[in-house]
1. For the stretch 30-74, with all protein chains present and a 1.4 Å probe, just round the carbon and sulfur fraction of the accessible area to a whole percent.
2. For the stretch 1-156, take the convex hull of the Cα atoms, compute a quarter of its surface area, and give me that in nm², please.
3. Please say if the stretch 26-76 is rounded, prolate or oblate, where rounded means a/c under 1.5 for a ≥ b ≥ c the square roots of the C-alpha gyration tensor eigenvalues, and otherwise the choice is prolate for a/b larger than b/c and oblate otherwise?
4. For GLU166 and ARG181 in one chain, what is 0.36 nm times their gap in residues minus the Cα-Cα distance, to one decimal in nm?
5. Write out the GluC sites (Glu not before Pro) in the stretch 1-75 meeting two conditions: DSSP loop, and at most 16 other Cβ atoms within 10 Å of their Cβ.
6. Please label the shape of the stretch 1-55 as rounded, prolate or oblate, based on the square roots a ≥ b ≥ c of the eigenvalues of the alpha-carbon gyration tensor (a/c under 1.5 means rounded; beyond that, a/b larger than b/c means prolate, else oblate).
7. What is the Å³ per residue value for the convex hull set by the Cα atoms of the stretch 136-179?
8. Going through the cross-link list LYS75/LYS167; LYS13/LYS140; LYS25/LYS75; LYS40/LYS167; LYS55/LYS174, which pairs have a Cα-Cα distance over 26 Å in this structure?
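The values are calculated or read from the model by the stated rules, or taken from the named source; none is laboratory data. Given the structure is predicted, the values throughout are model-derived calculations rather than measurements. No Cβ is skipped: glycine too gets one built from the backbone with ideal geometry, and neighbour counts run over all protein chains shown. Accessible surface is based on the protein model in full, side chains and every heavy atom, while ligands, DNA and RNA are left aside. Shrake-Rupley method; radii C 1.70, N 1.55, O 1.52, S 1.80 Å.
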Amino acid sequence: MSENENELKLAEKLIIDAVEEHWNKNQRAFLLSTLGSILKRQFGDTSALFPKGLKDFLREWPVVALVQHPDVQEKTGLIPATVPIPDDISALFAKGHPHLSEPNRVSYVQAFWDAFHTPIEAPRFVSIKTGGFFEIVDGKPDANDVNYEITAADIAPTNFQQPMAEKVAATQEKISAWLARHSLDHSTFARKRSPRDNRIVSSSTDMLKQVFSKLSHHDQARISIPLDIVLKLIS
């Protein structure tokens with residue numbers, strides 16, 4: 001893998017993590033301009049990573065969903081790709097906007113979400129394991145698991161030209177129908193973050209802040225940490 005490809009993968013992870021963290025905390029769109037500033041701080045000149053610009057990159061490679069404020073042309077935001085886009089998009093930019101109703105605001109585990117929009121080449125199952133864990137199996141599942149099949153009819157139709165909002169809505173509809181058919185709760189397949197994880201991240205962040213706060217502004221300005229190391233520190 002070339003250095004540019006490696007940086008691009010790191011950038012994609014940073015984008016997804018930043019947008020999801022902002023959404024989980026605020027239930028609002030993450031401004032594209034803010035993301036651009038973060039990427040520039042981490043990579044410097046991003047023109048090699050995004051030759052057509054960050055906005056066009058996210059249109060062509062939608063690792064997150066782009067949303068445009070209907071009244072303010074300069075306001076472009078980002079939300080997780082698995083979150084349905086509401087009819088009133090401006091609500092995504094408003095402070096304290098009403099939460100989307102469950103299960104429509106749930107953010108599913110990526111593998112589960114992908115299972116409903118990627119073509120099926122072999123029989124596909126959602127296998128529920130002891131303890132409530134699950135995995136997606138393309139092929140023959142373990143007979144000891146509780147298995148639910150995803151058929152070709154459960155796959156959302158894909159069209160490269162289709163707007164992201166329509167793709168997300170179609171996938172959400174297929175998932176909701178599948179869950180209802182099997183009497184399964186959407187929360188089983190939602191992204192989860194335990195309070196312990198939050199404490200660890202908070203503790204690690206506070207520790208780093210305390211260490212850096214002891215340095216002079218001149219010394220702080222000299223610090224340059226590779227993005228992969230930053231991701232390891234906060235993961």
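1. On the way: 1420 of 2690 Å².
Answer for the stretch 30-74: carbon and sulfur cover 53 percent of the accessible area.
2. Mean shadow area of the hull around the Cα atoms is 12.0 nm².
3. Verdict is prolate for the stretch 26-76.
4. On the way: separation 15, 0.36 × 15 = 5.40 nm, distance 2.25 nm.
Once the chain is fully extended between GLU166 and ARG181, it gains 3.2 nm.
5. Loop-located and lightly packed - GLU74.
6. prolate
7. On the way: hull volume 3.6 nm³, N = 44.
Hull volume over Cα atoms, normalised by residue count, gives 82 Å³.
8. LYS13/LYS140; LYS40/LYS167; LYS55/LYS174, as the Cα separations exceed 26 Å there.
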